[in-house]
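Notes for the one structure printed next.
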Amino acid sequence: MLSKSLEHAKANRQRYLDELYELLRIPSISTLTENKPDIQKAAEWIAANMRGIGLQNVNVMPTNGNPVVYGDWLGAGPHAPTVLVYGHYDVQPVDPLDLWKSKPFEPVIREGKLCARGASDDKGQMFLHIKAIESILAANHEMPVNVKVIFEGEEEIGSPNLEPFVLSHKDMLAASSGLISDGRMISTDQPSLDYALRGMAYMEFRVKGPTHDLHSGSYGGSVHNPAQLVAEIIAAMHDTNGTVQIPGFYDRVLALSDEERDHLKRSPYTLDQWRTETGLKNPWGEKDYTVIERTTARPTCEVNGLWGGFQGEGSKTIIPAEAGAKISMRLVTDQNPGEISELFKSFVKKFIPDDYQVEFKEHVHGWPALTPIDSHEIKSAAKALEATWGKPPVMAREGGSIPIVATIQKELGAPVVLMGFGLDDNIHSPNEYFTVSHFERGVDTVIHYYYYLAGQD
């Protein structure tokens, strides 16, 4: 019963948090080789917790990189919905360490916020799904739906081995829908439900010119400086209105319908909130689109890193032999990340002089994803959020990328519900946090969702 499940969750709030503290203490940073043992430790810890709550077929499964943790409970029978729950247990590095108010892997609660690396992205949001399942099984010894759980350890490095894992285990992972909490809602007072995600093409390019660094007094004015050349390429990527100038970039962009624009207009996300979060006064970008449309529903091209020349203290008068940049392009419905990558390469090559070289490295390819607003899964999720938060959610798009969403939709044929419970939360930054009440209400919301999805009110 729904009510018994909610009562069990309420009675075990502190224990659930205490267990989450244990998981947060494991520094499972996927980008750093020295933390490889911690990745394995986190996977084993999660698997043990899943076994303890009654999930079956729990296994830490190897990949060519970090392991995937799998478990299921299929006792609801073949006619009940089967939900594939995804999350990730790897986290970002903690630099710069001196900006943290407390140790990043020693969780503390300040002003109702659980502060630690991974608290929101994604350990806290991932773990609340385990506790929702526990609450239902402990209270009722059965669930209204079948569940399959898959947690990975490479999301923060682009999930390079997850799609191959899914493709090689399609029968094991077959489901009628997916459920993911790796995002945020608009505010504590206003829940939101994401029905779309942007994809990504992440590129790195390096321009090589002279055979070695040159004296800028002796050769300046006769050599096309590679650092300047990279700057010229970057400057040409947008016009003065923020429109991307890569030929063909917008060819496959699915235009926003009037209905979708109306949904996005209802978002209570304000310009003042944007100013508070960014520390800036005036938004930049495509003038024909609102800030919420620019950040969630339009494709982008951003510089994530830039290097070239002398970076040390003082002066060193050189023309660098090479320079480069890292570029991420967020993509929307119908854009192909492979195609966009090739368009970007062609764009850059047009700037390269004949006796210069350019090298490309492709880091991430992720497809955009969309779940119809009128689907049973979205309607059930909206009802669950309203039951827990006391008001209906705003339908929204998420500006970030979760590559597995498109993989689940394309390869398993399952619509995906994106039920984020975070806020801004300083994810990827010092002093990351997850609001404790959001963790608790997140557990309750997922419990409601399973019953509503099964048609049991």
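Here, each number is a calculation from the coordinates, and none is a lab measurement. These figures come from a predicted structure and were not determined experimentally. Positions of Cβ are generated from backbone atoms using ideal geometry, with glycine treated the same way; all protein chains shown enter the neighbour counts.
Values for this structure:
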{"item": "Leading residue at positive end of dipole, the chain (Cβ point charges), from ALA139, VAL149, HIS129", "result": "ALA139"}
{"item": "Cleavage-rule hits (trypsin sites (Lys or Arg not before Pro)) in the stretch 328-426: DSSP loop, at most 13 neighbouring Cβ within 10 angstrom", "result": "LYS350"}
{"item": "Relative contact order of the chain, defined on C-alpha pairs under 8 angstrom at six or more residues apart (%)", "result": "26"}
{"item": "Euclidean distance between Cα centres, the stretch 171-200 to the stretch 247-314, Å", "result": "20"}
{"item": "Residues with amide H under 5 Å from that of MET200, placed H, sequence gap 5 or more", "result": "LEU331, GLY366, TRP367"}
{"item": "Percent RCO, i.e. relative contact order, over the stretch 166-285, from Cα pairs under 8 Å lying at least 6 residues apart", "result": "21"}
{"item": "Additional length obtainable on full extension of the chain from ILE109 to ASN304, 0.36 nm per residue less Cα span", "result": "67.0 nm"}
{"item": "J(HN,Hα) series, the stretch 297-313, from Karplus relation 6.51 cos²θ - 1.76 cosθ + 1.60, nearest Hz, glycine and proline x", "result": "10, 10, x, 9, 9, 10, 8, 9, x, 8, 8, x, x, 6, 10, x, 6"}
{"item": "Potential extension, ILE373-ALA235 segment - 0.36 nm per residue separation minus Cα distance", "result": "45.9 nm"}
{"item": "For the stretch 120-251, convex hull of alpha carbons as volume per residue, Å³", "result": "257"}
{"item": "Label-point gap, in nm, between LYS36 and GLN228 - each point 7 angstrom along Cα→Cβ", "result": "4.5"}
{"item": "Residue-wise HN-Hα coupling along the stretch 43-55, computed from phi with Karplus coefficients 6.51, -1.76, 1.60 (Hz; x: Gly, Pro)", "result": "4, 5, 4, 4, 4, 5, 5, 5, 4, x, 8, x, 5"}
{"item": "Nearby lysines by direct alpha-carbon distance to LYS113 (threshold 21 angstrom, same-chain neighbours under 8 apart not counted)", "result": "LYS10, LYS101, LYS103, LYS123, LYS131"}
{"item": "Student exercise, the stretch 24-183 dipole from Lys, Arg, Asp, Glu Cβ charges, in Debye to nearest 20", "result": "400"}
{"item": "Nearby aspartates and glutamates by direct alpha-carbon distance to LYS265 (threshold 13 angstrom, same-chain neighbours under 8 apart not counted)", "result": "GLU293"}
{"item": "Most positive-pole-ward Cα, GLY390, GLY312, PRO93, against dipole of the chain from beta carbon charges", "result": "GLY390"}
{"item": "The stretch 79-150: GluC sites (Glu not before Pro) in DSSP loop, at most 12 other beta carbons within 10 Å", "result": "GLU111, GLU142"}
{"item": "For the chain, diffusion coefficient by Stokes-Einstein and Kirkwood Rh (Cα), 25 °C, 0.890 mPa s, µm²/s", "result": "104"}
{"item": "Label-to-label distance, nm, for residues given as GLU22 and GLU277 (7 Å Cα→Cβ offset)", "result": "3.4"}
{"item": "Selection of chymotrypsin sites (Phe, Trp or Tyr not before Pro), the stretch 193-262, meeting DSSP coil and at most 14 other Cβ within 10 Å", "result": "TYR250"}
{"item": "Computed magnitude of the charge dipole of the stretch 89-200 (debye, nearest 20; Cβ of K, R +1, Cβ of D, E -1)", "result": "260"}
{"item": "Degrees separating the helix 436-453 axis from the principal Cα axis of the chain, which is the longest one", "result": "70"}
{"item": "Likely footprinting exposure, ILE246, ILE46, ILE292, fewest C-beta neighbours within 10 Å first", "result": "ILE246, ILE292, ILE46"}
{"item": "Computed magnitude of the charge dipole of the chain (debye, nearest 20; Cβ of K, R +1, Cβ of D, E -1)", "result": "460"}
{"item": "Contour minus Cα-Cα distance for TRP284 and LYS101 (0.36 nm per residue)", "result": "62.7 nm"}
{"item": "Part-to-part distance (alpha-carbon centres) for the stretch 422-449 and the stretch 322-337, which is given in Å", "result": "29"}
{"item": "Cα-projected label distance for GLU359 with SER218, points at 7 Å along beta-carbon direction, nm", "result": "2.5"}
{"item": "Relative contact order, percent, the stretch 403-457 [alpha-carbon distance under 8 Å, six or more residues apart]", "result": "18"}
{"item": "Global form of the stretch 233-340, assessed from the alpha-carbon gyration tensor, a/c cut-off 1.5", "result": "oblate"}
{"item": "Selected from MET172, ASN35, GLY118, residue furthest toward positive end of dipole (the chain; charges at beta carbon)", "result": "GLY118"}
